[in-house]
Every structure is written in structure tokens, then in C-alpha cells.
Amino acid sequence: MTIRWLHPAWLTWPMSAESINLSPMRMHERAYILLQHAQALVEQETPSREIRADALVNLRRALDLRVQGLVDQFNLKEVPIQKKPKGSLELLEFFGLVRPMMTKNLVEMRNAVEHQDEEPPTAERLQELCEFLWYFLRSTEVRIRPSSSLSFDSQYIEDEPREEIGRAHV
């Protein structure tokens with residue numbers, strides 16, 4: 001097996017999916033199921049401390065699934081850059097795929113509840129986190145769905161016929 005590395009400039013090229021091959025129950029769909037479960041827990045009349053903690057844990061799981069899916073999709077841990085971060089979320093930030101403030105906030109809240117037995121966020125705050133996670137999942141959906149063909153537009157390939165260069169098959 002030969003491993004080939006592309007110049008990192010391709011990460012900045014506009015991307016479009018030429019075709020998409022979907023199969024039932026992918027990891028990205030599981031993230032939405034966990035989000036829906038968390039929302040159902042939070043929408044109860046007066047969610048108890050334990051129910052709010054469970055909702056927070058499910059939000060974190062959904063976030064983790066998407067973050068790991070993005071890291072795996074682009075094989076970011078294998079990119080040969082010496083000073084890249086080790087954590088998955090930090091890798092996504094390093095490569096400009098996500099903004100970390102709200103995701104780190106969610107992780108810190110979940111860790112405080114799970115490891116220091118702190119009070120979970122209020123139902124209202126959990127609703128905000130559900131909405132944030134929904135937007136996070138939706139905004140990263142185009143990057144996580146596998147496609148059979150991606151095309152890139154770049155100033156490096158303007159002189160070449162589009163059909164012959166600049167097309168990557170995955």
C-alpha cells in the first residue's frame with residue numbers, strides 16, 4: 001500500500017460533493033439520535049438533577065461522535081505535521097474545521113458534573129446547548145458525509161483541464 005500526501009493548500013480549496021453514497025445508520029446519524037434523546041430529557045416538566053446530567057452526557061456523546069468522525073474522515077492524526085495538537089477537538093481547530101469555544105464549554109461542563117459531582121446546568125442552559133449542538137452537527141454535516149467523488153477548485157490547477165486534474169476519488 002502506498003501512502004501519498006497532498007499539499008495542505010487543498011484544505012483551502014472550495015469543495016463540492018459530486019455524488020453521495022448513504023447507507024443506513026452511520027455514525028453521523030447516531031449523533032442526531034443522541035441529541036434528540038438529550039432534548040427529550042430536557043423538555044420534561046421539571047427535569048431532576050440526574051435527568052439533566054444524563055442530558056449533558058448525551059450531548060457530549062453526540063459531540064464526540066461528530067468530532068471523531070471528522071478526524072477519521074480526513075485522517076487528521078496521520079497528517080505529517082510535527083507541531084500539531086494531539087486531542088481530536090484541538091486537531092479540528094488547528095486545521096480550521098471547527099471553532100472551539102462552545103464545544104470546549106460543553107466538555108468542561110460535562111467533566112465537572114461527571115468528575116467533581118457538580119450541579120448540572122439548568123434546563124434552560126441545556127436547551128441552549130442542544131441548540132448549539134444541532135447547529136454544530138448541521139454545519140459539519142457536509143464534511144462528514146462520505147462521497148464517491150470530490151472536486152476542488154484551486155489557483156494551482158487553473159491551466160489544466162478540470163476533468164484530468166483536481167479530482168480526488170475516495
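The values are calculated or read from the model by the stated rules, or taken from the named source; none is laboratory data. As the structure is a prediction and not an experimental result, all values here were calculated from the model. In this analysis, Cβ positions are derived from the backbone assuming ideal geometry, glycine residues included, and neighbour counts consider all displayed protein chains. Side chains are part of the model used for accessible areas, which takes the heavy atoms of the whole protein and leaves out ligands, DNA and RNA. Shrake-Rupley method; radii C 1.70, N 1.55, O 1.52, S 1.80 Å.
Annotations for the structure displayed:
- Residue count, the stretch 72-81 (criterion: out of contact with any Leu (no Cβ under 6 Å at 6 or more places or on another chain), in a helix (DSSP H, G or I) and within 17 Å of Thr140 (Cβ to Cβ)): 2
- Unmet requirement for Gln36, which otherwise passes all of (1) of a type in the set (S, T, N, Q); (2) surrounded by fewer than 17 Cβ atoms within 10 Å (Cβ to Cβ); (3) more than 13 Å from Cys130 (Cβ to Cβ): (3)
- Where Ala17 falls short, out of the listed (1) open to solvent by 50 Å² or more (accessible area, probe 1.4 Å); (2) among the small types (Gly, Ala, Ser); (3) modelled with pLDDT of 75 or more: (3)
- Residue within the stretch 47-64 that is touching a residue at least 40 places away in the same chain (Cβ under 8 Å), within 30 Å of Thr2 (Cβ to Cβ) and not aromatic (Phe, Trp, Tyr) present: no
- Whichever residue in the stretch 82-115 is in contact (Cβ under 8 Å) with a residue 24 or more places away in the chain and over 21 Å from Arg138 (Cα atoms) and, among such residues, is most open to solvent (accessible area, probe 1.4 Å): Glu114
- The stretch 95-110: number of residues that are closer than 29 Å to Ile3 by Cβ and either at pLDDT 90 or above or among the small types (Gly, Ala, Ser) (or both): 1
- The set of residues from the stretch 128-160 being open to solvent by 70 Å² or more (accessible area, probe 1.4 Å) and either modelled with pLDDT of 95 or more or within 21 Å of Ala53 (Cβ to Cβ) (or both) comprises Glu128, Glu131, Trp134.
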